[in-house]
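All remarks here apply to the structure that follows.
The values are calculated or read from the model by the stated rules, or taken from the named source; none is laboratory data. All values reported here derive from a predicted model rather than from experimental measurement. Because the Cβ atoms are built from the backbone with ideal geometry, glycine has one as well, and the counts that use them run over all protein chains shown.
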Amino acid sequence: MHTLQIELGTRTYPIKIGHGLLGNPRAFAEARGRTCRLVTDVNVAAHYLETVRKALALAPEQCLVLPAGESEKNFDNAGRVLDWLLQSGLPRDGLVVALGGGVIGDLAGFAAAICQRGVDFIQLPTTLLAQVDSSVGGKTGVNHPRGKNLIGAFHQPRVVIADLDTLKTLPRRELLAGVAEVIKYGMLGDAAFFAQLESGLDALLALDPATVAATVGHCCRMKTRIVAEDERESGARALLNLGHTFAHAIEAHAGYEGWLHGEAVAVGLCMAADLSQRLGWLPIVDAARAKALVARAGLPTRPQSGISPQRFLELMAHDKKVKDGRLRLVLLRGLGEAVVTADFDPAKLDETLAHYCAAPGP
């Protein structure tokens, strides 16, 4: 087990990365002596619920199993979790355990953030996307028909326990969705890491243990540095949203069904690179490298059919990075050099949207 620390003063907590952690009671030191309630989804429960339940000595009635899928990350299900937590008698000093991918982590974390004005929770991420990104940093929330993650709270976990063995049971499509977030890290802030992904992508996709451990650790280190600098996303943390404004529009247009978050992010990365190139900020060769790596990973590179440029703009206008009525985007000055800016030619954005909406995606 390798442990990283995210330094946030009194909210500092460890990120534990390793193999066989979910069944190891010693990995759950932060839960020892606490009254716990566990939230998971039906897919994850089939593989890991009994293992974690035994490690934490939980009774079956102390576990809530929800339906799976991004469309389930809504306010109704947040209310369902809250009702269950209160009905089950979770005390103010209790602990919510989120076992699953980004949907469960966001949903259970949000319920913990507002239950009794905030109870502690821990993250047990079981997908690559959650292990490298969504479980770290304290963002919790649910989706709204008007946009992604528009209802939420910052609520840091007490610990993140990333068991790399869970990736062995991950459906291939879910694994690739996580790879999109990995590629994002290279594009936004580490050109050398991006080059390593170009040469080592096959090993990552094959779940080579050393490659997976190094990749998850590197992404977590990058995110911990950014979050420690800007916990509430008033500045540098927004760089982690590279590709996400485009992605959230894709997901909202689809009604949060049919697209995995990482798949939409993959398209968003391509669109951000395309716009950066059109603005003259990103060399053509680097934009091509970014799009080629996304394609090599088996990820979509175009949005769905039926979404117009105008509809794209309408959905992007609901993005949380809109400030004083101006759309801000995370764009690239180079591979490994991202910026958050509203200072771009809107005509070039129109060109990118027209190009990507011209032909149907998968």
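Looking at the range 133-146, can you tell me whether even one residue there is touching a residue at least 60 places away in the same chain (Cβ under 8 Å), closer than 30 Å to residue 277 by Cβ and not assigned by TED's automatic domain parsing to the domain that holds residue 106?
No - not one qualifying residue is present in the range 133-146.
What are the pairs, 6+ residues apart or on separate chains, where a residue within the range 63-83 that is within 15 Å of residue 49 (Cβ to Cβ) and in the same structural domain as residue 121 (by TED's automatic domain parsing) has its Cβ under 8 Å from a residue that is among the β-branched types (Val, Ile, Thr) and surrounded by fewer than 17 Cβ atoms within 10 Å (Cβ to Cβ)?
Qualifying pairs under 8 Å: 65/42; 66/42; 67/42; 68/42.
For every residue, the table says whether it meets (1) touching a residue at least 24 places away in the same chain (Cβ under 8 Å); (2) of a type in the set (Ser, Thr, Tyr); (3) closer than 14 Å to residue 249 by Cβ.
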{"residue": "280", "(1), (2), (3)": "no, no, no"}
{"residue": "284", "(1), (2), (3)": "no, no, no"}
{"residue": "311", "(1), (2), (3)": "yes, no, yes"}
{"residue": "321", "(1), (2), (3)": "yes, no, yes"}
{"residue": "325", "(1), (2), (3)": "no, no, no"}
{"residue": "336", "(1), (2), (3)": "yes, no, no"}
{"residue": "341", "(1), (2), (3)": "no, yes, no"}
{"residue": "347", "(1), (2), (3)": "no, no, no"}
{"residue": "350", "(1), (2), (3)": "yes, no, no"}
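Looking at this structure, is residue 233 surrounded by fewer than 20 Cβ atoms within 10 Å (Cβ to Cβ) and not in a helix (DSSP H, G or I)?
Answer is yes for this residue.
Somewhere in the range 282-290, is a residue assigned to a helix (DSSP H, G or I) and within 19 Å of the chain's Cα centre (by Cα)?
No, the range 282-290 has no match at all.
Closer than 19 Å to residue 178 by Cβ and at pLDDT below 95: is that true of residue 231 in this structure?
The answer is no for residue 231.
Only one residue in 215, 301 is at pLDDT 95 or above, among the hydroxyl-bearing types (Ser, Thr, Tyr) and in a loop (DSSP other than H, G, I, E, B). Which one?
The match here is 301.
Does the range 307-320 include one or more residues that are of a type in the set (D, E, K, R) and part of a strand (DSSP E or B)?
No: the range 307-320 contains no residue that is of a type in the set (D, E, K, R) and part of a strand (DSSP E or B).
Pick from 97, 119: which is touching a Pro at 6+ places or on another chain (Cβ under 9 Å), of a type in the set (Val, Ile, Thr) and surrounded by 16 or more Cβ atoms within 10 Å (Cβ to Cβ)?
On inspection, the qualifying residue turns out to be 119.
Considering each residue of the range 306-330, count those that are more than 20 Å from residue 232 (Cα to Cα) and either crowded, with 18+ Cβ neighbours inside 10 Å or among the acidic types (Asp, Glu) (or both), and give that number.
5
A quick yes/no check of all residues on (1) in a helix (DSSP H, G or I); (2) at pLDDT 95 or above; (3) in contact with a Gly (Cβ under 7 Å, 6 or more places away or on another chain); (4) within 17 Å of residue 147 (Cβ to Cβ):
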site: 251; (1), (2), (3), (4): yes, no, no, yes
site: 262; (1), (2), (3), (4): yes, yes, yes, no
site: 280; (1), (2), (3), (4): no, yes, no, no
site: 349; (1), (2), (3), (4): yes, yes, no, no
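Select from the range 92-109 the residues that are in contact (Cβ under 8 Å) with a residue 40 or more places away in the chain and of a type outside the set (Gly, Ala, Ser) and list them in ascending order.
93, 95, 96, 97, 99, 103, 104, 106, 107, listed by residue number.
How many of the residues making up the range 86-129 are outside any loop (DSSP other than H, G, I, E, B) and either of a type in the set (A, V, I, L, M) or not assigned by TED's automatic domain parsing to the domain that holds residue 36 (or both)?
Within the range 86-129, residues that are outside any loop (DSSP other than H, G, I, E, B) and either of a type in the set (A, V, I, L, M) or not assigned by TED's automatic domain parsing to the domain that holds residue 36 (or both) number 18.
Residues in the range 254-268: is at least one more than 19 Å from residue 197 (Cα to Cα), buried (at least 24 other Cβ atoms within 10 Å of the Cβ) and either out of contact with any Asp or Glu (no Cβ under 9 Å at 6 or more places or on another chain) or assigned by TED's automatic domain parsing to the domain that holds residue 74 (or both)?
No, the range 254-268 contains no residue that is more than 19 Å from residue 197 (Cα to Cα), buried (at least 24 other Cβ atoms within 10 Å of the Cβ) and either out of contact with any Asp or Glu (no Cβ under 9 Å at 6 or more places or on another chain) or assigned by TED's automatic domain parsing to the domain that holds residue 74 (or both).
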